[in-house]
Amino acid sequence: MTSQDDTRQKIINAAKERFAHYGYGKTTMADLADDTQMSPGNLYRYFPGKLDIAEEIAREASIRTAEQLSRILTRPGRSASERLHDFLFEDLRETFQTLERDPKLVEMAQIITAERPHFHNEGQKREREVLRRIVEYGNVSGEFSVADPEFVAEMIQSATLKFSYPQLFTRLPLARLERELEGVFQILVAGLKAGVSISEPHRDVVEA
């Protein structure tokens, strides 16, 4: 890492602590400058604003989650259905528990999702790639019969989005969310195994 990278990470680490303690809304760039013993002007050389720092914190977490989920692809002795189950439930539990430990992160996540939709899409793309590879594995093993794994991965993600960001959508306890997700999972796998024909809508419909 360069000295510039070290300084950026120092700012990110300070912001993590302050956001977790005081919340995103009550934190200012001046606070972060004090925490890092930097002048406000110098701080702005590294990040244009507070939202950019929050986005970088969320990006680190998103990349870390995707890396953890990608390990599911190499677990021995797991069928495609079992790997899909692992993916969906590990994603739910990890996010739920993280936001329960640091409830002020919910506020930050809501703001980033609203203000920086491209970031949300970026994170979804990383996880969707793991889903696509799970579906392709099921095709190769003969467990699934899917004509377009990429599109089906996108639809699985759409159907389970509530469980990827639970506290953004509901205040249900984890046990209730797991019950719902189990039902959704069973419906999804039944369709994947039955070889139900799923095709992407005409582009004009998508863009309407």
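The values are calculated or read from the model by the stated rules, or taken from the named source; none is laboratory data. Note that the coordinates shown come from a computational prediction; the quantities given were computed from them, not determined experimentally. Quick reminder, even Gly has a Cβ in these numbers, built from the backbone with ideal geometry, and neighbours come from all protein chains shown. Ligands, DNA and RNA are stripped out before the accessible areas are found, and what is left, the full protein with its side chains, is counted by its heavy atoms. Shrake-Rupley method; radii C 1.70, N 1.55, O 1.52, S 1.80 Å.
Some points to look at:
- In region 14-71, of all residues being basic (Lys, Arg) and touching a residue at least 24 places away in the same chain (Cβ under 8 Å), the one that is farthest from residue 94 (Cα to Cα) corresponds to 50.
- Those residues of region 21-48 which are in contact with a helix residue (DSSP H, G or I) (Cβ under 7 Å, 6 or more places away or on another chain) and under 14 Å from residue 116 (Cβ atoms), in sequence order: 24, 47
- The residues of region 74-107 include none that are in contact with a Phe, Trp or Tyr (Cβ under 6 Å, 6 or more places away or on another chain), modelled with pLDDT of 95 or more and of a type in the set (D, E, K, R).
- When residues of region 162-190 are limited to those that are of a type in the set (S, T, N, Q) and assigned to a helix (DSSP H, G or I), the one modelled with the lowest pLDDT: 167
- Of the residues making up region 93-128, those that are closer than 30 Å to residue 146 by Cα and without any contact (Cβ under 8 Å) to a residue 60 or more places away in the chain are 94, 117, 118, 120, 121, 124, 125, 128.
- Qualifying positions in region 98-119 - of a type outside the set (Val, Ile, Thr), assigned to a helix (DSSP H, G or I) and crowded, with 16+ Cβ neighbours inside 10 Å: 99, 104, 105, 108, 109, 119
- Subset tally (residues that are basic (Lys, Arg) and either in contact (Cβ under 8 Å) with a residue 60 or more places away in the chain or under 16 Å from residue 132 (Cβ atoms) (or both)) for region 72-88: 1
- Being over 23 Å from residue 118 (Cβ atoms), within 17 Å of the chain's Cα centre (by Cα) and in the same structural domain as residue 100 (by TED's automatic domain parsing) is a property that does not hold for residue 75.
- Among residues that are at positive phi and either touching a Lys or Arg at 6+ places or on another chain (Cβ under 8 Å) or not in a helix (DSSP H, G or I) (or both), residue 77 is included.
- Scope region 156-168; condition out of contact with any Leu (no Cβ under 9 Å at 6 or more places or on another chain) and open to solvent by less than 70 Å² (accessible area, probe 1.4 Å); matching residues: 161
- For region 129-153, the candidate set comprises residues that are touching an Asp or Glu at 6+ places or on another chain (Cβ under 7 Å) and buried (at least 18 other Cβ atoms within 10 Å of the Cβ); within that set, the residue that is farthest from residue 87 (Cα to Cα) is 149.
- Filtering 71, 64 for residues that are more than 24 Å from residue 191 (Cα to Cα), modelled with pLDDT of 95 or more, open to solvent by 60 Å² or more (accessible area, probe 1.4 Å) and out of contact with any Leu (no Cβ under 6 Å at 6 or more places or on another chain) leaves a single hit, 71.
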